[in-house]
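Student: One structure, as structure tokens, below. Some questions next.
The values are calculated or read from the model by the stated rules, or taken from the named source; none is laboratory data. Please read all numbers here as calculations on a predicted model, not as lab measurements. Note that we place each Cβ from the backbone using ideal geometry, even for glycine, and neighbour counts take in every protein chain shown.
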Amino acid sequence: MSVVSVNELTNPRAWKTRDGRGYTRVYKVILDDPTDGAAVARTADDGSTAVPDIGDAYPSDSSADVVRVDPMETGSRLIFDVRVDYETPGARGPGDDERSDDPLSDPVKVSWGSWTETRAVIKDRDGNPIVNSANFWFDPPVEETFHHPMVTITRNVSSYDPDDADEYIDTVNADSLTIAGLTVAAGTAKLVRWDADNNERNGTEYFTETYEVWFKPGGWARELLDQGYYEIVDGEPQPYSDARGDNTLTLMRLDGSGNFLAPTASLTSSVFGSFDILEEKHFSALNLPTTADGDR
């Protein structure tokens, strides 16, 4: 666990009401471990710059103290924008209308971004093999970067069970459902994060939990070329025999039934297998918001 850097993004914003005054500062925090999360970003210190803590005074106004430190992911689990709000006693600043005396009544926050996938591709957008002028696949294969939507949902709850989180993290949705306004097919939404921070407000202890869901329209199944060094002959594995009848340990394409394809077979006759690796869970049990404004 390590903080790479902490930098203040912009000049502080100042505001004033009849009840007092306040300031807002934003820090860019970069981490080196995606499992650190918001808890580390909230108190990040790179040795030269640190995110202010609750109760710290504003540099040029000692009457205004930090009342809120809010780290938000920017689309990467390693990069956070940490908003720090200062207020004088009795002041009500931007965003305070969203906070109630009861933290469990605070609105759900929904934030959209994208996640990045880099994978080898051997077929183009029309399904045709990506081959060289000799009609062979490139070795190594071509890699392409794809971006897909992701949503981060933050809400306050009375309790948090890490066992529940462990049960659901790295699973995909078993049914079609709508999350934060986006309706997705079964097997296309993956829960990659469900953590929580313990907080207290007005004598009420609560957890601020954060969900991160990655969407992949084509689904999370892995598609692999059917190939191997052996085929099945009379129920037994046999290596490839060359034109002279000599057995050679050669990587060959298979036909989907355990038989070698001829070396001259067209690449369009190649067979691909689809493998479901991630466990399916019913995401309805998570009670995630169905609308973009966080309502159920």
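Student: Out of all the residues in region 35-69, which are over 18 Å from residue 196 (Cα atoms) and hydroxyl-bearing (Ser, Thr, Tyr)?
Tutor: 48, 49, 58, 60, 62, 63
Student: Name the one entry in 152, 118 that is over 30 Å from residue 8 (Cα atoms) and among the hydroxyl-bearing types (Ser, Thr, Tyr).
Tutor: 118
Student: Can you tell me which residues in region 7-33 are under 22 Å from the mean Cα position of the chain (by Cα) and either at pLDDT below 85 or not in a loop (DSSP other than H, G, I, E, B) (or both)?
Tutor: 27, 28, 29, 30, 31
Table: residues versus (1) surrounded by fewer than 18 Cβ atoms within 10 Å (Cβ to Cβ); (2) more than 16 Å from the chain's Cα centre (by Cα); (3) more than 24 Å from residue 42 (Cβ to Cβ).
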{"site": "85", "(1), (2), (3)": "no, yes, no"}
{"site": "102", "(1), (2), (3)": "yes, yes, no"}
{"site": "130", "(1), (2), (3)": "yes, yes, yes"}
{"site": "155", "(1), (2), (3)": "no, yes, no"}
{"site": "177", "(1), (2), (3)": "no, yes, yes"}
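Student: Looking only at region 247-296, filter to residues that are of a type in the set (S, T, N, Q), without any contact (Cβ under 8 Å) to a residue 40 or more places away in the chain and in a loop (DSSP other than H, G, I, E, B); which one of those is nearest to residue 104 (Cα to Cα)?
Tutor: 287
Student: Can you tell me which residues in region 3-29 are among the basic types (Lys, Arg) and more than 14 Å from residue 52 (Cα to Cα)?
Tutor: 13, 16, 18, 21
Student: If you take the residues in region 185-220 that are small (Gly, Ala, Ser) and over 16 Å from residue 278 (Cα atoms), which one is modelled with the lowest pLDDT?
Tutor: 203
Student: Can you name the residue in region 34-57 that is of a type outside the set (Asp, Glu) and not in a loop (DSSP other than H, G, I, E, B) and, of all such residues, is farthest from residue 81 (Cα to Cα)?
Tutor: 57
Student: Checking residue 62 against (1) of a type outside the set (A, V, I, L, M, F, W, C); (2) in contact (Cβ under 8 Å) with a residue 40 or more places away in the chain; (3) over 21 Å from residue 156 (Cα atoms), only one condition comes out false. Which one?
Tutor: Looking at each condition in turn, residue 62 falls short on (2).
Student: For residue 92, indicate whether it is at pLDDT below 90 and either part of a strand (DSSP E or B) or within 14 Å of residue 24 (Cβ to Cβ) (or both).
Tutor: Details: at pLDDT below 90: yes; either part of a strand (DSSP E or B) or within 14 Å of residue 24 (Cβ to Cβ) (or both): yes.
It is true that residue 92 is at pLDDT below 90 and either part of a strand (DSSP E or B) or within 14 Å of residue 24 (Cβ to Cβ) (or both).
Student: Another question about this same structure. Go through region 240-264 and report how many residues are charged (D, E, K, R) and in contact with a strand residue (DSSP E or B) (Cβ under 6 Å, 6 or more places away or on another chain).
Tutor: So in region 240-264, the residues charged (D, E, K, R) come out as 242, 244, 246, 253, 255.
Okay, now just the ones that are also in contact with a strand residue (DSSP E or B) (Cβ under 6 Å, 6 or more places away or on another chain), so 242, 253.
Adding up the residues that qualify gives 2.
Student: Another question, then. Please go through region 243-294 and give me each residue that is surrounded by 11 or more Cβ atoms within 10 Å (Cβ to Cβ), of a type in the set (Ser, Thr, Tyr) and farther than 23 Å from residue 222 by Cβ, ordered by number.
Tutor: 248, 250, 284, 290, 291
Student: State all residues of region 144-175 that are part of a loop (DSSP other than H, G, I, E, B) and under 25 Å from residue 221 (Cα atoms); if no residue qualifies, say none.
Tutor: Step one: filter region 144-175 for residues part of a loop (DSSP other than H, G, I, E, B), giving 158-161, 169-170, 174-175.
Selection gives 169, 170, 174, 175.
Student: In region 42-58, what count of residues is obtained for those that are under 27 Å from the mean Cα position of the chain (by Cα), surrounded by fewer than 18 Cβ atoms within 10 Å (Cβ to Cβ) and of a type in the set (A, V, I, L, M, F, W, C)?
Tutor: Count: 1.
Student: Pick out, from region 190-237, the strands (runs of 3 or more DSSP E) lying fully within it that include 1 or more residues that are surrounded by 19 or more Cβ atoms within 10 Å (Cβ to Cβ) and within 32 Å of the chain's Cα centre (by Cα).
Tutor: On the way: elements: 204-215, 222-225, 230-233.
In region 190-237, 204-215 are the strands (runs of 3 or more DSSP E) which contain 1 or more residues that are surrounded by 19 or more Cβ atoms within 10 Å (Cβ to Cβ) and within 32 Å of the chain's Cα centre (by Cα).
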